[in-house]
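> Got a structure for you, questions after.
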Amino acid sequence: MPFYKYILVGGGMTAASAASGIREIDPDGSIAIFSAETNPPYDRPPLTKGLWSGKKQEEDVFRNLDELNVELHLEQPVERFEQSNQFIILTSGEEHGYDRLLLATGGRPRKLPFGKDDIQYYRTFNHYRTLREQAQPGKHIGVIGGSFIGSELAASLTANGAQVTMIFPENGIGGMTYPAGLSDFVTDYYREKGVEVLAGEMVDGVERRGDKKVIRTRSGRNVEVDTIVAGIGIEPNTAIASAAGLEVDNGIIVDRYLRTSQPDVYAAGDVASFYNPALKKRMRVEHEDNAKMMGRTAGRNMAGASDEYHYLPFFYSDLFDLGYEAVGELNPGYEVYSDWQEPFRKGVVYYLKDDRVRGVLLWNVWDQVDAARSLIEQDEPIRPEALKGRLPE
Ligand SMILES: Cc1cc2nc3c(=O)[nH]c(=O)nc-3n(C[C@H](O)[C@H](O)[C@H](O)COP(=O)(O)OP(=O)(O)OC[C@H]3O[C@@H](n4cnc5c(N)ncnc54)[C@H](O)[C@@H]3O)c2cc1C
């Protein structure tokens, strides 16, 4: 049976960063990545942004593994692994042995219980290519979902000349993240840019009408479109972890060194549930910064380091010419304090719970992520009014 010192399951940003992390400690140990995808590891954020705006070209999104001496096995999904004898089994039946295993299997799009192939679920480079071909100027695209993927795609499609209808159950765009006033502003902004926004609408069916598709909503609307694309969240790919008896609870449970409940098996990225000491809770983060930092830390630890993962990752989004960076929990159900320099255009929104800052939204405010993170890490009570003018530093 072929043997590798390190096997990384998954071909995303986490696995790529883990390979770099391993090489920081171990220049020679053999590394293999087994990925279900047809493409080598790439950055996903440009799939909804830079590739549409022209800031990125297709060749820019791929991660450079050239110097890392990694064996990349594409279209080789791992079916399961045997921890007792330390080998993986591919769906093809092939077996490969390891010393250390990383599960970086990420997530798969959550699907609606209808619509089958008439709805595209957006996650991969191949999904980008398909949608790009279909989204010719003038084509009508129905976007289901008003959160990260839905709002970014709607902006990019519109900016590229498509006619876009967004449909989602919240009262406004980003309603699960932004406070109500900001969400209303963004929703109006999208409408001004030409997006039809159907907020507060549940989609409850999809049907074909000739070469068009019709999205049916619970309130009785029928929206006829050329293409339907959905971004309604992801589910972590935990099946191989569960089958091997690893502890799983909304993600693969890892300790502070990113080890799972079995020796020599690590997990990181979108699939992993880790404890964050600043927020004093377990979390599973579906963002790029986490994929990179956690992947790197897991790689280093697999190769012998003992780095604790205490990092509070940041995330970001671009919506037409609005944009932000954010850290922590953006839960509009918390106490929210907004400190605008210019209402809804530039300012900082703080999310507080139990008199502590739990999340910071830096709306068109840049280079303040570290300062925002320190505020969250400060374990002292703070009144919202005391935050006025606190950031930018
Ligand atoms: C369109 C898009 C835009 C985004 N934009 C942003 C953004 O602006 N900002 C931000 O912070 N984050 C963004 N994200 C989130 C960010 O991309 C993810 O957090 C990151 O991709 C997670 O990386 P990962 O490697 O953990 O998981 P994934 O990217 O999901 O990769 C998992 C990999 O594992 C493979 N796999 C799964 N199961 C198996 C198996 N059994 N065997 C072999 N391979 C397997 C998958 O095929 C995939 O290659 C975006 C995500 C998407 C989809």
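Each value in this text was obtained by applying a stated rule to the coordinates, not by laboratory testing. All values derive from a computational prediction rather than experimental measurement. Because the Cβ atoms are built from the backbone with ideal geometry, glycine has one as well, and the counts that use them run over all protein chains shown.
> What whole number of Å gives the distance from the Cα centroid of region 141-215 to the Cα centroid of region 240-299?
Taking the Cα centre of each part, region 240-299 and region 141-215 sit 32 Å apart.
> Modelling each spin label as a point 7 Å along the Cα-to-Cβ direction, I'd like the residue 308/residue 95 distance in nm, to one decimal.
The answer from the label model is 4.0 nm.
> Give me the log10 of I(q) over I(0) for region 267-393 at q = 0.16 Å⁻¹, as the Debye formula computes it from C-alpha points; what are the numbers?
With one equal scatterer per Cα and no solvent, log10 I(q)/I(0) is -0.80.
> Taking all pairs of distinct Cα atoms, average 1/r, flip it, and tell me the Kirkwood hydrodynamic radius of the chain in Å to one decimal place.
Every distinct Cα pair counted, the radius reaches 22.2 Å.
> When the gyration tensor of region 171-276 is built from Cα positions, what are the square roots of 5 times its three eigenvalues, in whole Å, from largest to smallest?
39, 21, 11
> Which value, in Å³ per residue, describes the convex hull spanned by the Cα atoms of region 58-163?
Convex hull volume per residue, Cα atoms: 166 Å³.
> How big, in percent, is the set of alpha carbon pairs in region 1-133 lying more than 25 Å apart?
Counting pairs separated by more than 25 Å, the tail of P(r) holds 34 percent.
> To the nearest whole percent, what portion of all C-alpha pairs in region 134-218 is separated by more than 15 angstrom?
55
> Assuming R0 = 35 Å, what is the FRET efficiency of residue 393 and residue 25, from their Cβ-Cβ distance, to the nearest 0.05?
0.50
> Binning every alpha carbon pair distance of region 240-318 at 5 Å from zero, what are the percents per bin?
Per 5 Å bin, starting at 0, the Cα pair percentages come out as 3, 17, 28, 26, 17, 7, 2, 1, 0.
> Enter the mean projected area of the convex hull around the alpha-carbon atoms of region 1-57, in nm², rounded to one decimal.
Mean shadow area of the hull around the Cα atoms is 5.1 nm².
> Counting helices only, and only those DSSP H runs with n ≥ 4, report the 222 nm mean residue ellipticity of the chain as the sum of -39,500 (n - 2.57) divided by its residues, in deg cm²/dmol to the nearest 500.
Per the formula, -6000 deg cm²/dmol.
> Let me ask something else about it. Most mobile of 333, 210, 115 per a Gaussian network model of the chain (Cα springs, under 10 Å)?
Among 333, 210, 115, the largest mean-square fluctuation in the Gaussian network model of the chain belongs to 210.
> As a quick test, which of the pairs 55/388; 49/193; 139/346; 139/193; 56/292 have an alpha carbon distance above 23 angstrom in this structure?
From the list (55/388; 49/193; 139/346; 139/193; 56/292), the Cα-Cα distance tops 23 Å for 55/388; 139/346.
> Please report, to two decimal places, log10 I(q)/I(0) for region 346-393 at q = 0.15, 0.23, 0.24 Å⁻¹ as given by the Debye formula with identical point scatterers on the Cα atoms and no solvent.
With no solvent term, the Cα-only Debye profile gives -0.33, -0.78, -0.85.
> Using only the alpha carbon atoms of region 101-179, find the Kirkwood hydrodynamic radius as the inverse mean reciprocal pair distance, in angstroms to one decimal.
14.0
> Something else now. Rounded to the nearest 20 debye, what is the charge dipole size of region 180-334 about its Cα centre when +1 sits on each Lys and Arg Cβ and -1 on each Asp and Glu Cβ?
Dipole size: approximately 320 debye.
> With springs only between Cα atoms under 10 Å apart, run a GNM on the chain and tell me which of 243, 32, 15 wobbles the most.
Sorting by GNM fluctuation, first place goes to 243.
> Now a separate question. On full extension of the chain, what length is gained from residue 171 through residue 84, given 0.36 nm per residue of separation minus the C-alpha to C-alpha distance?
Contour length minus the Cα-Cα distance gives 26.3 nm.
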